[in-house]
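Read-outs throughout are calculated quantities, based only on the coordinates presented, and are distinct from any laboratory measurement. Owing to the predicted nature of the structure, the values given are computational and were not obtained by experimental measurement. Cβ placement follows ideal geometry from the backbone for every residue including glycine, while neighbour counts extend to all protein chains displayed.
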Amino acid sequence: MAIIISSSFNMQFSIFALLFLLLSFQSYATSSTSTTSTTDRFIQCLHDRSDPSFPITGEVYTPVNSSFPSVLQAYIRNLRFNETTTPKPVLIVTALHPSHVQAAVVCAKEHRLLMRTRSGGHDYEGLSYVSNSNQPFFVVDMFNLRSVNVSIERETAWVQAGATLGEVYYRIAEKSNTHGFPAGVCPTVGVGGHFSGGGYGNLMRKYGLSVDNIIDAELIDANGRLLNRKSMGEDLFWAITGGGGISFGVVLSYTIKLVRVPAVVTVFNVERTYEQNLTTIAERWVEVADKFDKDLFVRMTFSVVNDTNGEKTIRAIFPSLYLGNSTTLVALMNKDFPELGLRISDCTEMSWIESVLFYTVSPLIKSDYVQNPISKQGFEFIFEKMKELENQMLAFNPYGGRMSEIPNSLSPFRIGRETCEDFPKRSKIGKNSVLKPRSDT
């Protein structure tokens, strides 16, 4: 009897398992077919809605295209989002013309596909090329739209969103050695993402953020219309200058106001270790860095290194830019920050564009605002925690100067800072500086 019951049960279980597999396969096949048909209709929509004078055919990549992996991976800066398990787009549009972006926006709405827009790929959360939703998505990659046209006569430049900061700096330097632009220190960061988030760098104490120096922009809105500052209106223009990427449309280009820099600037990159009275130096930096002369920007970074005995210690680096000569710089530092012990031999004079290469660093992943001055005890705690974690870098960037003069209402970047400062769960570790920890992953 037991054998009969077992056989009957096994037969029933086998039939049930087979039925479940058939239903699962049918569901998968239906879902896969649905996605494929939606993608096919979407591609046809792109063809129909883009300018026939600028065919989009060669700019659409699907997973069956042999170039799809290389196009997708070209601007993935965080390898955590390049795993086989990472959700992949159903296609990539490498736009060559504004009509390609217009078609992508309109067709995405029509076929209910999520859209991601990628500029330089320095989006360490992967939001420009990954979706956390189960809904199919595609990527509009802007890297082909990277022209930079500089007018020294008007002291402006027209910059497409797919250009990198390094390309912007290079084109400016081609025309003038006494002009620059306040933006980030990593040359491979894309203009589109950098400007849409505010854009700060080592000229911000003199000239403010990148968005404080944007005078016009071209935008594709949610209805596929091509707008400039006048036609979009001041509210939308305000939103796209620091309010985040693709929240309000797809920015195609910016017109930026160039700033004047001296023909000769001075840089230094002084290092100090924990054993060289680092806690006192760090405490003093927090007190004075945002009060330096506007022409001076001094960053402070910490990392864990091994000393001569192989023991872990903390090393600080003070990479700096001064818009002037080395003699004046040393006099300023000895007056306001003698604890660092800067000497004329630590300084190097060069052109502004050379300082960009000198100052190049990797982008950081996490950021926060410090609210109260950090004491020596506070730095001791930070240093011990860093030695526990080992592969960490902590960077402090001072504001002050022009950054303190511009009203918060002039950009959503500053409104966002106010919101952060009012948030109850704050780390009370400083004032008027940006704290930027990075994990080397």
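Some observations on this one:
- Shape call, the stretch 262-312: gyration tensor on alpha carbons, a/c limit 1.5: oblate
- C-alpha center-to-center spacing [the stretch 303-327, the stretch 86-116] in angstrom: 45 Å
- FRET E, pair residue 328, residue 215, Förster distance 35 Å, beta-carbon r, rounded to 0.05: 0.65
- In plain terms, the chain from residue 405 to residue 83 could stretch by 111.4 nm, reckoned as 0.36 nm per residue minus the Cα-Cα distance.
- Which listed pairs, of 88/387; 257/294; 175/230; 175/206, have C-alpha distances above 26 Å, in listed order: 88/387; 175/230
- Label-point separation, residue 349 to residue 381 (7 Å along Cα→Cβ), nm: 4.5 nm
- Backbone N within the stretch 292-311 under 13 Å of label point (7 Å from residue 273 Cα along the Cβ vector): 304-311
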